[in-house]
1. Peptides 40-50, 249-259: what's the order by average Cβ count within 10 Å, highest mean first?
2. In nm, give the distance between the simple-model label positions of Ala451 and Ala23, each being 7 Å from the Cα along the Cα-to-Cβ direction.
3. For the Cα atoms of the chain, what angle does the longest principal axis make with the long axis of helix 125-144, in degrees from 0 to 90, nearest 10?
4. Can you bin the range 472-576 into rounded, prolate or oblate? Criterion: square roots of the alpha carbon gyration tensor eigenvalues sorted a ≥ b ≥ c, rounded for a/c under 1.5, prolate for a/b above b/c, oblate for the rest.
5. Just to make sure I understand: if all protein chains stay in place, what is the order of Arg388, Arg361, Arg181 by accessible area at 1.4 Å, largest first?
6. What's the angle, to the nearest 10 degrees (0 to 90), between helix 236-250's Cα axis and the longest principal axis of the chain?
7. Which order do Ile167, Ile525, Ile226 take by accessible area at a 1.4 Å probe, largest first?
8. From the backbone phi of the range 477-486, what are the Karplus-calculated ³J(HN,Hα) couplings (6.51 cos²θ - 1.76 cosθ + 1.60, θ = phi - 60°) in whole Hz, Gly and Pro given as x?
Amino acid sequence: MRLLRLVAAVYLVLLAAGFYLLAISRTGESVASPWQTIRPAYLYVFFAATLALGALVIWGRGRVKWLLAALIFYSLLLHSYLPLTHELVYGADQWRHMAVEARLVAGQPLLKPMLRQGVSSWLSIGDFAYSGLWSISALLAKAFSGRAYFLVNYSLIHISKWLVPIIWSAAFPLLLFYLGRSLEWSNRRSLFLVWLSALPFALQATGSLTLPSSLGFLWWLGGLVILVRHFAQPTRRQLWALGGIGLVLIFNHTLYLILFILIWALAEILRWRVAGKFLPASVIILTLAVAVTLPAVEWGAGYLEQGSGRPAFASVKQLLGNLTAVYLASGPRPHDIAIGNILFNQIPGGAFVANFFTAWRWWLPVFALLFWAGVIYGLIIAWRSQRRELLLVMILTMGLSISYVAARYWLDGEQILNRRLDPVLAFLSVVSIIIALPAVAQRFPWRRQRAAGLVGLVILSSAITASYSLGPDLPTVSRDEYRAMQYVGQQEEGSKRHCVIADTMPLLALEAISGREVIGGGFPIDQYFAQPELARFRAQLDKGFFEWDSETAYQLTGSQQCWWVKTDAKMAAGLARGPGPVTNVKIFGKTVVVRYTQANASYAPPAPQDFWPGIVPLEVDGRSIKSSF
């Protein structure tokens, strides 16, 4: 008992140290992964906290509510590695959502990007699927700031950083615990389910990013908990709650609305059984029905296409390489791998930061094979039990796995539903592991269970820490780029046509800063965000061309001026040192902003090694400087 109290005290100290190390790791530079700025000591503090909390969950005799509170704060620590470590936000999608939310705060109508086929429809499914997050963020931003939408983005940045990590850290552990209790598991087994959910990368990332799919997952999980309880004690109140969740999911994410309808239909079919066992044929039919649902919806909507004829062996090889972490262990690869990041993120070499747990990575494939074997074993036990709630988990896991593998490895297309199944499959896999847990524990003699449990706890804590340190790999906007885009947004305010040439991430920041007045720099964009014309102009300017296709840019955008925004420390330093004044260049740290008009379109900024002679910006970092002439 004294030892466990000491472990609890150590856990609290580690928790505080973890938050402190994350807070002092904050950066405003452009990074490809949070681990490029997080202090190395934090990872070992996190491992120790994970191990201590696991010991308290398995052997502690404390009250359930205190252990749940410890798990909630641990979840908050886990998911704070994104919001605490950067001044802005990670990834591209959050900027797009902030752009819409800024307009809602200002009471402005939504604006659509100019697509190649013309202006997009005034209403789309995405407007419904995302409106839940937009409304919550806009209401919070309005409550915290009454300023105009052009200036409200900083509060929106804080909301986008923290909204889902806070909600997820509080709701997800509680929902998992009540799911375990609804499955008639003990308190300790249910708490262990919560602890083990920290293992899959897909759940780590989903709970750290403020996106509609993250909120949709939580609502869907709440519906699953109610349906499982509905098996044992059906009440009218549960039906009203399920109906309410279905209504809310219309305004959160289409994937989880479809999955909610799917699990409700499955639950009703399973409830019809009066006596006897389910025949294998009936389970196969239900599994296939689940497997074809999402591909059928995607095919009908034009988001799924027939495969390009890749060899079956190549697809199987890629599947096994992704799920078993072999590609990760033999790499990291120089390119990003977007498929199969369920258990471990297959981080590209440019974002990888080695540590004690990943310096030698061949233990990860061994662990992954054991993990997936445990999932399969759990599904077998679920079938043998013939319990309706476990059969629901089994059918859902197998059906969605078939859907995911078929779509991602054998078919083509945008796959807007199947590509977002990673957190669902990760969650179902963890539940399957916990289903198999008692059967695995019984294979050890009673006297050896404590020793085996301690060894298993160390291995699982190491795997959680390794998984944690492998992602996510998401681009960011630097502080300098954000300030530069604020300047461009101010200059473009009131203009109807825009021409801004920059990389994707700064343009997304400008979209948010301008309240979606400037989308894609003002250039045509397709439904998948491709902009070949913008990419061509950017490539011309990056090479330092003295003559670029400016007339085409003006005609394409309808603007009378163009802006080029480039982050290059050497170029910025060279321009700041050069002689002679000019009014069309501004520098923000490492980011250069050049203004072109039809009068000065024949000029072009220099290549980093060949600076523009006789030209110097009038301002550097917003401060006036004297010409050397």
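1. On the way: 40-50: 20.4, 249-259: 22.4.
Ranking the peptides 40-50, 249-259 by packing returns 249-259, 40-50.
2. Going by the 7 Å Cα→Cβ label model, 4.4 nm.
3. Approximately 80 degrees, to the nearest 10.
4. Cα axes put the range 472-576 in the rounded bin.
5. Final ranking, largest accessible area leading: Arg181, Arg388, Arg361.
6. Between the helix axis and the principal axis of the chain, the angle is about 20 degrees.
7. Values: Ile167 60, Ile525 15, Ile226 35 Å².
Correct descending sequence by accessible area is Ile167, Ile226, Ile525.
8. Per-residue couplings from phi come out as 9, 6, 4, 5, 5, 5, 5, 4, 6, 4 Hz.
The values are calculated or read from the model by the stated rules, or taken from the named source; none is laboratory data. Just so you know, these numbers come straight off a predicted model, no measurement behind them. Note: ideal-geometry Cβ built from the backbone for every residue, glycine included; neighbour counts use all protein chains shown. For accessibility, only protein heavy atoms count, side chains too; no ligands or nucleic acids. Shrake-Rupley method; radii C 1.70, N 1.55, O 1.52, S 1.80 Å.
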